[in-house]
Structure formats: structure tokens, C-alpha cells
1. Might you check whether a residue that is away from chain A (no Cβ under 14 Å), modelled with pLDDT of 95 or more and touching an Asp or Glu at 6+ places or on another chain (Cβ under 6 Å) occurs anywhere in the stretch B:113-129?
2. Condition check: part of a strand (DSSP E or B), within 13 Å of the ligand (Cβ to nearest atom) and more than 14 Å from every other protein chain (Cβ to nearest Cβ). Does residue B:137 satisfy that?
3. So which residues in the stretch B:112-134 are away from the ligand (no atom under 12 Å from the Cβ), of a type outside the set (A, V, I, L, M), over 13 Å from residue B:319 (Cα atoms) and open to solvent by less than 10 Å² (accessible area, probe 1.4 Å), if there are any at all?
4. Please specify each residue of the stretch A:111-162 satisfying the condition of being closer than 26 Å to residue A:76 by Cβ, small (Gly, Ala, Ser) and within 17 Å of the chain's Cα centre (by Cα).
5. Can you confirm whether the stretch A:109-117 contains a residue that is open to solvent by less than 20 Å² (accessible area, probe 1.4 Å), outside the structural domain of residue A:36 (by TED's automatic domain parsing) and among the basic types (Lys, Arg)?
6. Check the stretch A:105-124 and report whether any residue there is among the β-branched types (Val, Ile, Thr), more than 21 Å from residue A:161 (Cα to Cα) and in contact with a helix residue (DSSP H, G or I) (Cβ under 9 Å, 6 or more places away or on another chain).
7. Given (1) part of a strand (DSSP E or B); (2) open to solvent by 10 Å² or more (accessible area, probe 1.4 Å), identify the lone condition not met by residue A:93.
8. Given the criterion of a type in the set (S, T, N, Q) and open to solvent by 50 Å² or more (accessible area, probe 1.4 Å), identify the matching residue among B:61, B:17, B:34.
Amino acid sequence: MLVLALDTATPTLVAGLADWSEHGAAEVLAERAVPSGNRHAELLTPAITSVLDDAGLTMGDLDVVVTGLGPGPFTGLRVGVVTAAALADARGLPVFGVCSLDAVGSGARTVVTDARRKEVYWAAYDESGARTDGPGVVRPEDLGRPGPFVGDPAFAGRLGADVATAEVTTAGLLRAAGPQLLDPSSAGPLLPLYLRRPDATPPTAIKAVSQ
Amino acid sequence: MADQPLVLGFETSCDETGVGLVRGHTLLADALATSMAEHERFGGVVPEIASRAHLEAMVPTVHRALADAGATLDDVDAVAVTSGPGLTGALLVGVAAAKAYALALGKPLYGVNHLAAHVAVDELQHGPLAEPSIALLVSGGHSSLLLVPDLAQDVQPLGRTVDDAAGEAFDKVARVLGLPFPGGPPIDKAAREGDPAAIGFPRGLTGPRDAPYDFSFSGLKTAVARWVEARQKAGEQVPVADVAASFQEAVADVLTAKAVRACRDHGVDHLVLGGGVAANSRLRALAEERCAAAGIVLRVPSPRLCTDNGAMVAALGSRLVSSGIAPSLPDLGADSSLPIEVVTA
Ligand SMILES: [Zn+2]
């Protein structure tokens, strides 16, 4: 089964193609990790075209779409989620969302990525790679978890521990999507893991407009 | 007609998720989802709430449009999307979706200017635009006067608001009067019972040395608030209908006077209105009156098409395809302050 995997939860967008078999094995055929900053919308569809070209395949060859649901900065995150939803809709394909942190590193670990506002998105995993806690958003000083940490090393100082550099990968996305690929009825809604409410407070009283 | 291309249009620049289908000048579908109710208690559009709503509404709205048009995605010949101006996060949901549909369907993609799309939508009701035309676009997000020699590639800004958009002034005055958000429809309604000459509110930027085509609504808004507060402090009842009618008259007076002057100064005899405020009944009536007196042909889309929608984007896309304009490049993004001169991004 040919899987297109996407993720825009971090400043490095990922587009990958993998051949997935029902035994759970996935062979990555092509992958692009593009440092995008806040230009995910500009660069994601060109990256998809590139991985298809790299693998000598076309849109018509795809069987399923997998996308990271974050957590991550909202604007970029939505670009990936809506792209996956629209591609799948246009081709009549199933689409599955996974927690992006599940696709960072492997084995027993605590994943930390940049949540801005001096906080990290985090999740913890056991030796089998299963998520045991999170995803959450917290100040690194308040995380209070043992390592090993993987993800964004910029937070090593504030965590008081080393952070091994690791990013979202196509293989990681496929691994995280395994249960849904095996049993599509287990798929959840294709909605971002925002973890934060929109910044908006209703006005408390009607203020004089002339002020 | 069937040989004209079918264009799928996306609009997500503010709080409306619009998906339209247009063939030539024929409107086939205009599906809309709005998050307006979610913004109401904040007294204005909250960008993050709008963006979240766009994402959830996107695919279902596409399918409502297809069902309304009796079409399938395979029938689509080109895709158009508002790439600016507007709220960045909101725009990006539409741009990313449109890029994905275009890529998956193997069809050309046009990133288009939201303001030019407000002009293009009139072609769906009144046929090909007379060129040149003057366009007056007024909404909660924009107040612009444009000279349109060629809608597909030559749109020139004449003037714009120097402070608030006209629609914002309606929202703020509605708040002062205790009327609901958005303020346009309730003020229009209240004004019907009022006297437009009751209070002489100021007309901004109408002095002999002021920029002839620019607008200012901040002073008007403040004058209304001061007037109302003075009555409230004196313990008097506020004559809501008279205030609404007098405020609305001041807005309509300035907008139509400047639009007619732009037509006269540029020797143009066609004026197109667009944007949500163009749904205001007094603005439409006064524009008709003054255009008739000046020998100008006035074109105003129905209120439903004046407000933001996907059909206007599809209409402009259709015009671009038929004019042979090159599609956007694969690295198309969103530009919150896309200049009006840029019709295709
Ligand atoms: Zn608009």
C-alpha cells in the first residue's frame, strides 16, 4: 500500500512516500524534510511533488494519506492537516491523523518540541514505543520527568538534561499510523491537537468608544 | 456554455468559509459556512477561532458546493483561491486546501486578490464588466475606491480608508447603541424608523484640501459615541433610530460622493459596488440616486454576493482563465496585505 505521509507540526515540514505492508513493515521510498519556518503553505505541495518525482510515482498511485496532527504552532499545523484532508478527498483516499510527537525518535523517551511562549510540547513513551503520557504543553522547568529526552536540543538548559536532536520522520509517521492502517475503523477525527485555547477574551463591559 | 471551464473557488480571508463553482459567467454553486456566531461575544472576528472553523468546514463545504452544482471534482477545470489580503492564518487554510485540490486533480491554480474578486462577482449577475469601471468596495475589512481598466490584469487603487473600515464603524456604533454584532444589518433596520437629518454627524476627509478618494470613519465613530454618551450622562433616552439613520447617512453620503467624483474625474461611466456594506439599503439607494443624476450606470450585486463568498473567487478565476492569464506558481502562499494592483498572486 502506497502511503503519502505529511507533517507540518514543526519548522521542518516532512513529506514522505512509503510502501506499507500489513505485517507493519514500511519501506520509505522517498522523503523530503524542508526547513520551512513559517512557509509551510508555500513549500508543502512542492515537497509532495518532489517525493512523487523522486520515487517515479504520481498522485494516482497513492492508496492512503497520513498526517501529523501536532501538537505544534497552529498556523503551520493547519496547513498540513487541511492539505492531507483535501488531497485525500480529491483522490477518494482514506486519511489518518497521528500525534506528531509519536513520530519523533523511538523507544523509551520523552519528546520535547518548541511550543513557543517559552513552553514545550511533550509526550512520554515506554520501551515498546507506546505513549504513556501526554501530549501536553508545559514550561520545561515544570515538566518534572526523567529523560532520556529527544526532540529540540534548545531546551536542554531549561530541562537541566541533554536533549538528543530528533525530528519527525516518515518512518515515525508510518509507525504511529500502524494501528489505523491495520484497522481503519480505529481512526479518530482529523483535527489538530491544539492543546491551547484560542487567545480571545470577551469584553467585560461595553467600553466607551470615544476613549 | 459547457465548453467554458468549470472553476472551483475558495475564500477564507476572514470568518466565512466560501466554496463556489462558476462556469463562464454562470454561478453554479455558492456554499458558505460561517463562524460569525462564535465571534459575536468578542465583538469582532477572532483570527484563531476563524482559522479553526475554516479547517473544520473546508471539505464539507466543498461537497455542498459540488452537490448544489450537480458536479464532481473530476469536472473541475481550474482552481482559484483568495491569497490576500486578509487574516494570514485564515487565508492559509484556504490556500493550502486549494493547492492540494489543484495538485490532486492535476488542474491549474490561481491565487487571486480578494478585492478584485469582489468586483468580479458582479459578472455573475450582470454579465461582462464594462471596462473601465470604478469600483467602491466597503466591508468590515476594507474600504477602497478602485479604477478598473482590465479586471484580469490592471486594477488601480484610487483611495482607501486611512483608519477604520466602513464596516468596523458600523460594528462600533452598533455597540454604542446596544445593537448586536455585526452592526450593519441592525443599524440598517433601526435607521428605517429614524430621521437621517436629525443629527449632523461629521463627514471625514471631505474638505477641499483632503485626499479626494480616501476615507476616514474614525472621527465619525467617535462623534457618534460622544453624542450618545452625552445623552446618557444627562439621563436622557438615546433616540436609537435617529442616531442610526444619521450615522448611516453620513457614511453613505461620503462613500457615494467620492465614488461619483472618481467616475467624473476619470471619465468613467460605470460604478460597481461590492463588500458587505454594499448590502446597506441607504448606501444602495443614495448610490442609485446620485449615479442616475450623474449619468453613471450603477451595478450592485445582490446582498448575498456582496458579502464574502467562494463564488466571487471562482468568478475572478473564470475571468483569468478566459483572459489567458498564467496560473500561480507552485510556491503560492498567502499575503495578508496583498496590494490591490496584484490581481493574480
Ligand atoms: Zn471582502
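The values are calculated or read from the model by the stated rules, or taken from the named source; none is laboratory data. Just so it is clear, the model here is predicted, and its values are computed rather than measured. FYI the Cβ positions are ideal-geometry reconstructions off the backbone, even for glycines, and counts take in every protein chain you see. We work out accessible area using only protein heavy atoms, side chains counted, and drop any ligands, DNA or RNA first. Shrake-Rupley method; radii C 1.70, N 1.55, O 1.52, S 1.80 Å.
1. Checked against the condition, which is being away from chain A (no Cβ under 14 Å), modelled with pLDDT of 95 or more and touching an Asp or Glu at 6+ places or on another chain (Cβ under 6 Å), the stretch B:113-129 yields at least one hit.
2. yes
3. B:133 - this is the single residue of the stretch B:112-134 that is away from the ligand (no atom under 12 Å from the Cβ), of a type outside the set (A, V, I, L, M), over 13 Å from residue B:319 (Cα atoms) and open to solvent by less than 10 Å² (accessible area, probe 1.4 Å).
4. A:115, A:123, A:124, A:129, A:134, A:136, A:151 - these are the residues of the stretch A:111-162 that are closer than 26 Å to residue A:76 by Cβ, small (Gly, Ala, Ser) and within 17 Å of the chain's Cα centre (by Cα).
5. yes
6. No, the stretch A:105-124 has no match at all.
7. Condition (1) is where residue A:93 drops out.
8. Of the residues listed, the single one that is of a type in the set (S, T, N, Q) and open to solvent by 50 Å² or more (accessible area, probe 1.4 Å) is B:34.
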